[in-house]
Amino acid sequence: MATMIGRRLDVLTYAPRRSRQATVRVETEGCVYVGRIWIADVTHRVSDVLADDRQFLSLTDVRVNDGDQVEAYVAVNKSFIRTLRILDEGTLAAGSAAAC
């Protein structure tokens, strides 16, 4: 059996940042996606998520082309986005720290 000797507790501490989910409507050439995006810090905006270096925009709880079915996750290539409309700026996510 393996044991850990001298394990430092400060290494394992985790302080979650304040984050929120915004609801957006993303239009591409052939589809319309309505879903939520995570914004990692309350000081950031949806435009900051669009401008970062990641190639894909991650959406959760997504409706495609106003359909009834909700997809758990969709990744949209940012280079194919024609328009993005913010439907709801979002509030602090449950479990986010009140002060960081």
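The values are calculated or read from the model by the stated rules, or taken from the named source; none is laboratory data. No experiment lies behind these values; they were computed from the predicted model shown. Glycine also receives a Cβ, built like all others from the backbone with ideal geometry; neighbour counts cover every protein chain displayed. Just the protein is used for accessible areas: all its heavy atoms, side chains included, with ligands, DNA and RNA removed. Shrake-Rupley method; radii C 1.70, N 1.55, O 1.52, S 1.80 Å.
A compact table of results
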{"quantity": "Cut-off under 5 Å, modelled amide H: who pairs with Thr28 long-range", "calculated": "Tyr33, Arg82"}
{"quantity": "Accessible carbon and sulfur surface of the range 16-83 relative to its total accessible area, %, 1.4 Å", "calculated": "48"}
{"quantity": "Residue-count net charge about Lys78 - beta-carbon cut-off 14 Å; Lys, Arg +1, Asp, Glu -1", "calculated": "-3"}
{"quantity": "For Leu50, net neighbour charge (Lys/Arg +1, Asp/Glu -1) across residues whose Cβ lies under 14 Å away", "calculated": "+2"}
{"quantity": "5 angstrom amide H check on Asp41, placed H, neighbours 5+ away", "calculated": "Arg20"}
